[in-house]
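One structure is given below, encoded as structure tokens.
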Amino acid sequence: MLEPYLRGHFPNETGALEIRQFPAGHSNLTYSLRLGSKELVLRRPPFGSKVKSAHDMSREFRVLSKLHSVYAPAPEVLLYCDDDSIIGAPFYVMEPVHGIILRRILPRGLDFSAEKARRLSESFIDNLVRLHHVDYAAAGLDDLGKPEGYLERQVRGWTERYYGSKTHDYPEVEKISAWMQQHLPHSGAVSLIHNDYKYDNVVLDASDITRIVGVLDWEMCTIGDSLTDLGTALAYWVDKTDPEEVQENRWGPTTEAGSLTRAEIVQRYAQKTGCDVSRIAFYLAFARFKLAVIVQQIYFRYHQGLTKDARFASMPATIQMLLQASLHAAQSDHI
């Protein structure tokens with residue numbers, strides 16, 4: 001049903017439809033489409049997911065349809081379809097964003113000198129600052145979230161999500177939950193936040209890898225405490241001095257020579273925004289806990305037999321590591 005749907009919207013493309021799934025990612029599924037000479041990207045919810053609020057295609061489409069014009073790295077969306085008869089779930093189609101995406105292992109032959117690593121680190125945090133400076137009300141996105149009480153709702157909500165997808169007993173959970181409730185800071189700056197900002201969600205210019213040309217995966221975007229976004233970026237950012245078990249689970253090449261450390265990331269963000277970052281250890285502890293719960297929700301689908309992806313079998317070890325790292329940030333008050 002997808003091919004006739006697309007041909008109805010792109011009637012001048014007469015070539016065959018080619019579909020290829022992008023292999024990375026554990027949440028919403030992304031596919032590369034080629035219809036004749038037309039390149040497209042399709043996003044749909046994961047198979048077997050019961051967390052509808054986390055995979056709302058219409059919401060993600062609406063965000064991007066208004067965001068692209070004021071924040072160029074956001075992809076340009078083209079079509080939204082809520083007719084499940086087409087592919088079995090709602091989906092949207094967008095323009096592709098061409099470039100390089102860095103993951104844990106650097107692409108073979110890529111020039112990633114210490115100077116480039118540092119410049120990219122700076123571009124990475126400067127681009128987050130740029131997003132936080134977007135006038136979301138002027139963009140028509142002021143109804144996207146409720147900033148008042150955001151942090152308290154987040155702590156409560158992610159704790160509930162953990163227990164709703166629990167498969168193992170992790171003693172750290174109760175300790176972290178209690179600590180977060182007792183040390184909840186007053187929210188400061190409010191902005192549009194991506195909520196999953198990391199290296200493998202940014203697209204780099206192939207001719208200058210220190211320049212960010214795209215930011216992907218907007219499914220958790222909302223309006224809330226800006227420092228929760230910074231905290232999430234820090235949770236993904238592994239320093240070369242981190243314990244071995246943390247190093248083994250890094251999401252990107254953040255330990256390469258020249259890369260900023262988490263402390264330097266925070267310092268640059270504070271300089272660019274003027275935000276008070278004295279409570280940033282709380283935000284890091286919360287972000288690591290949230291990541292643990294996200295991984296737990298993904299693993300829950302595997303545990304229930306709703307997906308057979310072999311990558312999911314080792315997730316309990318990752319969950320354990322994230323919870324321990326969260327508790328360490330909480331107890332040490334250190335990033």
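The values are calculated or read from the model by the stated rules, or taken from the named source; none is laboratory data. From a predicted model like this one, the values you see are computed outputs, not experimental measurements. Methodologically, a virtual Cβ is constructed for each residue, glycine included, from the backbone with ideal geometry; neighbour enumeration extends over all protein chains shown. The area values use the complete protein model at the heavy-atom level, side chains included, leaving out ligands, DNA and RNA. Shrake-Rupley method; radii C 1.70, N 1.55, O 1.52, S 1.80 Å.
So, in region 197-226, of the ones that are polar (S, T, N, Q) and either more than 20 Å from K290 (Cα to Cα) or out of contact with any helix residue (DSSP H, G or I) (no Cβ under 6 Å at 6 or more places or on another chain) (or both), which residue ends up surrounded by the most Cβ atoms within 10 Å (Cβ to Cβ)?
T222
Go through (1) touching a Lys or Arg at 6+ places or on another chain (Cβ under 8 Å); (2) surrounded by 15 or more Cβ atoms within 10 Å (Cβ to Cβ) one by one and return the number of the condition M180 breaks.
(1)
Filtering region 113-138 down to residues that are in contact (Cβ under 8 Å) with a residue 40 or more places away in the chain, small (G, A, S) and not in a helix (DSSP H, G or I), which residue is least open to solvent (accessible area, probe 1.4 Å)?
Per the criteria, the residue is S113.
Going by the conditions given, is S53 outside any loop (DSSP other than H, G, I, E, B), modelled with pLDDT under 95, under 18 Å from the mean Cα position of the chain (by Cα) and not aromatic (F, W, Y)?
Criteria met by S53.
Output yes when any residue across region 232-241 is over 16 Å from Y197 (Cα atoms) and surrounded by fewer than 19 Cβ atoms within 10 Å (Cβ to Cβ), and no when none is.
Scanning region 232-241, I find at least one residue that is over 16 Å from Y197 (Cα atoms) and surrounded by fewer than 19 Cβ atoms within 10 Å (Cβ to Cβ), so the answer is yes.
Please determine, by comparing only the residues of region 310-319 that are under 20 Å from the mean Cα position of the chain (by Cα) and farther than 12 Å from T167 by Cβ, which one is most open to solvent (accessible area, probe 1.4 Å).
Filtering region 310-319 for residues that are under 20 Å from the mean Cα position of the chain (by Cα) and farther than 12 Å from T167 by Cβ, the one most open to solvent (accessible area, probe 1.4 Å) comes out as R311.
So which residues in region 232-277 are of a type in the set (S, T, N, Q), outside any loop (DSSP other than H, G, I, E, B) and at pLDDT below 95?
Selection gives Q247 alone.
Please list, ordered by first then second residue, the pairs with beta carbon atoms under 8 Å, 6 or more apart or interchain, first in region 171-200 and closer than 17 Å to S332 by Cβ, second part of a loop (DSSP other than H, G, I, E, B).
That search, which allows pairs on different chains as well, returns P185/R279.
It is to be established whether one or more residues within region 90-103 are open to solvent by 50 Å² or more (accessible area, probe 1.4 Å), over 21 Å from D200 (Cβ atoms) and outside any loop (DSSP other than H, G, I, E, B).
No, the conditions are met nowhere in region 90-103.
Determine, yes or no, whether K146 is within 19 Å of V63 (Cβ to Cβ), open to solvent by 40 Å² or more (accessible area, probe 1.4 Å), modelled with pLDDT under 95 and over 17 Å from the mean Cα position of the chain (by Cα).
Here the answer is yes, as K146 does meet what is asked.
Residues in region 291-335 that are touching a Lys or Arg at 6+ places or on another chain (Cβ under 9 Å) and basic (K, R): how many?
Matching residues across region 291-335 total 1.
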